[in-house]
Each structure stands twice: as structure tokens, then as C-alpha cells.
Amino acid sequence: MSDRPTTIPEDRQLTEEERSFLFWLLSEGGDRSRAFLPQLQKAHVVGRCACGCPSINLSVGGVTHYGSTGMDTLCSYRWSSPKGHLFEVFVFACGGLLAGVDLWSIDGQSTPTAIPPTSALQRSEDW
């Protein structure tokens, strides 16, 4: 078992790239995910993944339920890298609050190191 943290605490505003990416994901994810768009205006980064991927944890209006309640996936998308590696990104809520975005490797061959272009994304259920 590793002593390394899986999440690095942060206290910052979303970057413009992160905010735009989350807006697109939620907007394109369907009615259920669009219902969380108003929370995006009050979202704040409270942690980032220690593996180097662009996954982040959020608070909304200074409140977070991350880790204290079950995770509710709001929308998910897949994409392939130019080398053919398969990735997924999903936005999730906890306790009715927007809680984060997770980017991960489906095939385990590579770690996503940057936010992908939205033009490369396909809804996971359409994959």
C-alpha cells in the first residue's frame, strides 16, 4: 500500500479552460447534467489528482460532499489518443452538489495529461 496521497489539496478558482470544458460536458450530457450548470458558476477547485491527470475535485459555494456520500455520475464521454489509447472523462456530483471531473485511462496504457478537445469526445453510451 502506498503512502502517497491520491488527491493534492488545492484552493483556487477554475481556470477558463476547466470552466469551459465542464460547461461543455454538462451542456452536452443531457437534461440531468444540464440541471447542474447553475452550480458551475459557484464551483471552486479543492483538490487535484496526484497522478498528473487533469482530474479535479470541486466545492460549490464553499460546500463539498466529496467522499462523504455516494458518487453520482452526471455524464461521461470517451476518446482515443493519437496512439489509440482509450480514455474516459466523467463529471460527478455527491449529495446533490457538483463534486468533480475525472479523466482516466480505460485501457491502462497511458495517463491523460491534458484536457482533450471536445471535438474528440463521444458520449460513453454512444461508443
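Before moving on, here are some points about what is shown:
- Screening the candidates SER76, SER27 for the property of being surrounded by fewer than 18 Cβ atoms within 10 Å (Cβ to Cβ) and small (Gly, Ala, Ser) yields one hit, SER27.
- Filter pass, ALA120 being in contact with a His (Cβ under 7 Å, 6 or more places away or on another chain), under 20 Å from SER20 (Cβ atoms) and at pLDDT 95 or above: no
- Each residue in the range 92-126 was checked for being without any contact (Cβ under 8 Å) to a residue 24 or more places away in the chain and part of a loop (DSSP other than H, G, I, E, B), and 3 pass.
- Only a single criterion out of (1) closer than 22 Å to ALA114 by Cα; (2) free of Cβ contacts under 8 Å to residues at least 24 places away in the same chain is not satisfied by CYS51, namely (2).
- Within the range 77-91, the set of residues being in a strand (DSSP E or B) and farther than 28 Å from ALA35 by Cβ comprises SER80, LEU86.
- Candidates ARG19, ARG12: the one that is of a type in the set (D, E, K, R), under 23 Å from GLN122 (Cα atoms), loosely packed, with under 15 Cβ neighbours inside 10 Å and modelled with pLDDT of 95 or more is ARG19.
- Pair list, Cβ < 8 Å and 6+ apart or interchain, from the range 22-38 residues that are without any contact (Cβ under 8 Å) to a residue 24 or more places away in the chain and polar (S, T, N, Q) to residues that are surrounded by 19 or more Cβ atoms within 10 Å (Cβ to Cβ) and part of a helix (DSSP H, G or I): SER27/SER33
- Answer residue from the range 91-109, given it is farther than 22 Å from GLY61 by Cβ and either touching a Cys at 6+ places or on another chain (Cβ under 6 Å) or not aliphatic (A, V, I, L, M) (or both) and is surrounded by the most Cβ atoms within 10 Å (Cβ to Cβ) among those: LEU103
- Residues in the range 24-47 that are in contact with a helix residue (DSSP H, G or I) (Cβ under 8 Å, 6 or more places away or on another chain) and within 17 Å of LEU97 (Cβ to Cβ): LEU25, LEU26, SER33, ARG34, PHE36, LEU37, LEU40, ALA43, VAL45.
- Enumeration of residues in the range 41-70 that are surrounded by fewer than 16 Cβ atoms within 10 Å (Cβ to Cβ) and part of a strand (DSSP E or B): VAL63
The values are calculated or read from the model by the stated rules, or taken from the named source; none is laboratory data. Keep in mind the model is a prediction, meaning the values are calculated, not measured. Positions of Cβ are backbone-derived with ideal geometry, glycine not excepted, and every protein chain shown enters the neighbour counts.
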